[in-house]
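Bear in mind that the values in this text are calculations on the coordinates, not laboratory data. Remember, predicted model here, so these are calculated numbers, not experimental data. Neighbour counts are summed over all protein chains in view; Cβ atoms, including those assigned to glycine, are modelled from backbone coordinates with ideal geometry.
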Amino acid sequence: MNINEKIEKYQDLIDNYPDMEVIERINCKHYDSVKTLIQEEINRLKNLFENFIKEDERCAYTWYEYNKTTKKEDSSPYHISKNIKGTYKDVYDDVVNYVNEYDDTISFTIIKKFFEEKERTIFAKYNVINKKIILINMYEDEEGDGDEDTYLDINNIFVYMPTPFKRGDILISKNQTISNIGDNGNIFVLDNLITWRENIKELLAKGNYDSSDMVGYGYYLYYDKAEFTYDDKWDYDSFEYYEGKLEGNNRILKAISSYLKGEIDFELLIHAYDVFKVESINKAMPDFYTEEGLKKAGFTDVDIQNERNSWKSIDIMEE
C-alpha cells in the first residue's frame, strides 16, 4: 500500500474498531490507547510528507535505486552526485524518466538534505511495480547518525498470525518493505517458524519480541548459484506457497523439501544435489533410485530420461 492507503486504513481502525491497551515491550512503550499510537503514526506520515515536498532553498534532493539485474543498490557517490536536484518535482521527474527508460528498477529512495540543521535528512522509500511508482514509507534522521528517528512504536510490534505452513513447504517471501528492495524473490524451503514455539503467546504477553522477530527459517539458494544456505526470512506474514515451476538450480529445493518431509533419505538428497550442482559436466546419478524417488527429489520426466540415457552410455562404455 502507498502511504495514503495506509493512512486511510489507520483512520478506519480509529473510527470503527474498539480501543485497547498496548503493553510495554521491546522497542514499544506503554499506551493506554492503541488509537493514540495509530494517530501518532498518521501524524508522522502526514507531517513528513508535507515537509518533504515543501520547496526550500536551504535543501537539496538526490536519489538512488535498487536494480533487478544487479540485485544491488546503486548508491555510489558518483551516481548520487549526478542526480542532485533543487526541488521535489525535479527529482521525482528525474526518477520517473529513469524508470520509464530502463525498466530495471525494483525500488528507490529519494533523500532531502537540510543544509542548516545539523545533518537533518528525510528519506522517502518507493517501490516500483510494472513501472508504477508507490511511496511506501518515510522516515527522518535528525542527528545525522543513520538512525531512523521518526519510526514509531507501531512499526515495532510483533503481530501473531496463524499460518497453514508446515516444515518442508516450499514458500516465497512477498515482503515489499524490508530494506526497500521490493519483492525479495527468494524461493525457500521452510524449516521452522517463530510462531511454532509452544509458549509463543505467553512470551508475547510478557512483552518479549518485536517485529524484527517475525521470521521463519529455511533453505534458499545464493542468487542463481547451486549453493544453498540456511538462514531466516523476514516478515512471516508475507510468506506464500510457491506455485510456480522449479527450474534450473531451484530444483534442489524440491529435494530439500522432500527430505525435510521424510519422503526421501539423506543419501538421495546428496546425490541429487551433486547432479544439480555439476550437471553441466553431465555427471550421472547412481542407477539404483526409483522414478518416484527421483521425482520427489526434484527431477522432471525429461531429467529422468536423460539420466537413463546417461546410465545406458556408461553401460556401453564399460562393456
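Working note: Karplus 6.51/-1.76/1.60 with θ = phi - 60° gives region 40-54 the couplings 4, 5, 4, 4, 4, 5, 5, 5, 5, 5, 4, 5, 5, 8, 5 Hz, where Gly and Pro are set to x. Working note: Karplus 6.51/-1.76/1.60 with θ = phi - 60° gives region 99-111 the couplings 4, 5, 6, 9, 6, 10, 9, 7, 7, 7, 10, 9, 10 Hz, where Gly and Pro are set to x. The F266 and Y222 beta-carbon pair, evaluated with R₀ = 25 Å, returns a calculated FRET efficiency of approximately 0.70.
Between E119 and V159, the modelled label-to-label distance comes to 3.3 nm, taking each label 7 Å out from Cα in the direction of the beta carbon. Distance between the 7 Å Cα→Cβ label points at M20 and I84: 5.0 nm.
Database remark: amide H of S33 closer than 5 angstrom to the amide H of V22 (H placed geometrically; neighbours at sequence offset of 5 or more, or on other chains; Pro and chain starts carry no H). In sequence order, region 3-19 has phi-based couplings of 5, 5, 5, 4, 4, 4, 5, 4, 5, 4, 4, 5, 7, 10, 10, x, 7 Hz under the Karplus curve 6.51 cos²θ - 1.76 cosθ + 1.60, θ = phi - 60°, and Gly or Pro positions carry x.
Descending by average beta-carbon neighbour count within 10 Å, the peptides 193-200, 208-215 line up as 208-215, 193-200, the highest first. Is there a pair in K9/K29; K82/K131; K68/K125; K6/K206; K113/K233; K9/K174 whose C-alpha atoms are over 26 Å apart, and which pairs would that be? In this structure, K6/K206; K113/K233 exceed 26 Å between Cα atoms.
Among residues other than D15 with Cβ under 12 Å from its Cβ, the summed charge is -1 (Lys and Arg +1, Asp and Glu -1).
Site pair N2 and E247 shows an inter-label distance of 3.3 nm when each label is modelled 7 Å from Cα along Cα→Cβ.
Report the FRET efficiency, 1/(1 + (r/R0)^6), for E292 and D191, where r is their Cβ-Cβ distance and R0 is 35 Å, rounded to 0.05.
On the way: r = 24 Å, r/R0 = 0.69.
E between E292 and D191, to the nearest 0.05, is 0.90.
Could you work out how much longer the chain between K46 and K174 gets when fully extended? Use 0.36 nm per residue separation minus the Cα distance between them, nm to one decimal. 43.4 nm is the gain from fully extending K46 to K174.
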